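Working notes for the structure below.
The values are calculated or read from the model by the stated rules, or taken from the named source; none is laboratory data. Just so it is clear, the structure is predicted and the values come from calculations on it, not from any experiment. For neighbour counting, all protein chains shown are included, and Cβ atoms are generated from backbone atoms with ideal geometry for every residue, glycine included.
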């Protein structure tokens, strides 16, 4: 795999700011390597002194110095390992944050085609592979390269032609391993893809666990899981087999290399050209050649994994949102005017339009009830307002500004959406309301909860705002009220409510209706509803059918007009209630 400009840019962007730590790391490595190269010299002098029956004091001095320097090598190596891990984790933690931010900026169409489990594997799995690689790369690869060069220099100092032979051997070994390591890159990429599918499968099934159990789909799910897992196992096995070619080749080549070096050492010693200590140096320095090449061998396998992960991360970072961003700012307070001008929309790959020539204006501060059958385009219409998609034709405007021209941050601050399925975090109550924004004071959070009617619920919590909110601990009504409190803190100018009372009992619905009245006061609102009671206090009514705007007008006027779609819906609803009561 040849790194492309984006891949190299990713490396530079996250490693360059850490140059002070890298400098300390380099000094630690140089000290450790220098001492490692000097230690065999002490051993050689010790052996030559012992063979010549030198004084015991000299042998003691050499032994003590060897032990002292050996401890120094270990301390310097430990420091280099720690610093390398720090560099690696600092770099990749920044990458993980930026990658997460980038994924959140991509269009909804991107996320619709990928499971959350797959994206988790990208943000966590791929980046963790990179962090493991970065944390060891400098220490093991850069350090190993320095140690290898140093060992070769020492060979040249002892006997030049032996140094030449070991240099040629080392160059050939590295060339051969670099050639065979490429076998594992594609296989490793497929392994990571299979891992992403496995994560996605598990995430989807755990999300739908309630339905799987209720409908007796456990055995089917388990069978499918075993199939996905089997695919991952064989992909991983194939990738491991291809990556292992590197170290198997290394073992074979070094068996040949040791035989050659030891044969040269024995021959030179027998000819009287070397002392015993110098002959021993050949073995020691060959070990110092083997050690860095062995480290490089192991790191080349990690390099294959990191290379595949870095390639995939680079591919994600190359993706750009399909929706261009603007810079216009909405007013920081007050209700917003919403306008649709001849809006038509089709989802990507779908030729039939979901919305057709929809035009209407919702004045600032007015509340519109959005009615229509399932599939009529209600949710799509609200997605265009919050700019999860752009219209295929026409324009959506807020206070006269096209939503495409508005800065995303301004749009998100001033337009709030409350969906049917409220997403809660396993975190304290205040973090669930503020989205982990520590700048929001507790007083504002508590006031928002009491405003929507959750004051008594808050008082019962041990720890109040800082009590952990466990998954599944809230009823549907409480979750909706908590979502209302979130919006209160945001203070938007336009609120979209998607079926706010669809799953509530009458008593809870009454409480929710009171909270909704306080929430919508002084703000523009679009309320999607199937139940007409939900929009009984709306100012305007919008009726969609087959993607077209069938009707738009003041609610009271439409209710009095017996020919209106809204009046017919009211009559049908009353007839249904009378039939139930009868």
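Being touching a residue at least 24 places away in the same chain (Cβ under 8 Å) and under 30 Å from residue 38 (Cβ atoms), is that true of even one residue in segment 230-248?
Within segment 230-248, one or more residues are touching a residue at least 24 places away in the same chain (Cβ under 8 Å) and under 30 Å from residue 38 (Cβ atoms).
Is one or more of the residues making up segment 370-379 in a strand (DSSP E or B) and within 27 Å of residue 521 (Cα to Cα)?
yes
Checking the structure you have, find out if any residue of segment 120-139 is part of a helix (DSSP H, G or I) and more than 25 Å from residue 316 (Cα to Cα).
Checking segment 120-139: at least one residue is part of a helix (DSSP H, G or I) and more than 25 Å from residue 316 (Cα to Cα).
Return only the number of the condition from (1) at pLDDT below 85; (2) touching a strand residue (DSSP E or B) at 6+ places or on another chain (Cβ under 7 Å); (3) on the phi > 0 side of the Ramachandran plot that residue 469 does not satisfy.
(3)
Which residues, counting only those in segment 428-460, are surrounded by fewer than 14 Cβ atoms within 10 Å (Cβ to Cβ) and either under 16 Å from residue 479 (Cβ atoms) or in contact with a strand residue (DSSP E or B) (Cβ under 6 Å, 6 or more places away or on another chain) (or both)?
Listed by number, the list holds a single entry, 435.
Condition test on residue 500, is it touching a strand residue (DSSP E or B) at 6+ places or on another chain (Cβ under 8 Å), buried (at least 20 other Cβ atoms within 10 Å of the Cβ) and at pLDDT below 80?
Considered against the rule, which asks whether it is touching a strand residue (DSSP E or B) at 6+ places or on another chain (Cβ under 8 Å), buried (at least 20 other Cβ atoms within 10 Å of the Cβ) and at pLDDT below 80, residue 500 comes out as yes.
Being in contact (Cβ under 8 Å) with a residue 12 or more places away in the chain and part of a loop (DSSP other than H, G, I, E, B) is the filter here, so list the residues in segment 348-369 that pass it.
Those that are in contact (Cβ under 8 Å) with a residue 12 or more places away in the chain and part of a loop (DSSP other than H, G, I, E, B): 348, 353, 354, 363, 364, 365, 366.
So how many residues does segment 191-222 have that are at pLDDT 80 or above and within 30 Å of residue 252 (Cβ to Cβ)?
Here the count works out to 1.
Which condition number does residue 22 fail, the rest of (1) farther than 30 Å from residue 316 by Cβ; (2) surrounded by 15 or more Cβ atoms within 10 Å (Cβ to Cβ) being met?
Exception for residue 22: condition (1).
Can you name the residue in segment 259-277 that is surrounded by fewer than 16 Cβ atoms within 10 Å (Cβ to Cβ), touching a helix residue (DSSP H, G or I) at 6+ places or on another chain (Cβ under 9 Å) and modelled with pLDDT of 80 or more and is also nearest to residue 179 (Cα to Cα) among such residues? Reasoning before the result, please.
Initial filter on segment 259-277 (surrounded by fewer than 16 Cβ atoms within 10 Å (Cβ to Cβ)): 259-260, 262-263, 266-267, 270-273, 276.
With touching a helix residue (DSSP H, G or I) at 6+ places or on another chain (Cβ under 9 Å) added as a condition, the list becomes 260, 262, 266, 273, 276.
Subsequent filtering for residues that are modelled with pLDDT of 80 or more retains 260, 266.
Working: 260: 24, 266: 33 Å.
Per the stated criteria, the residue is 260.
Scanning segment 482-496 for residues that are closer than 26 Å to residue 372 by Cβ and modelled with pLDDT under 90, which turns out surrounded by the most Cβ atoms within 10 Å (Cβ to Cβ)?
Going through the qualifying residues, I end up with 484.
Report yes if residue 465 is closer than 30 Å to residue 361 by Cβ and in a helix (DSSP H, G or I), otherwise no.
So residue 465 does not fit the description; no.
Pick from 59, 27, 23: which is in contact with a helix residue (DSSP H, G or I) (Cβ under 7 Å, 6 or more places away or on another chain) and assigned by TED's automatic domain parsing to the domain that holds residue 288?
Only one candidate passes the filter, namely 59.
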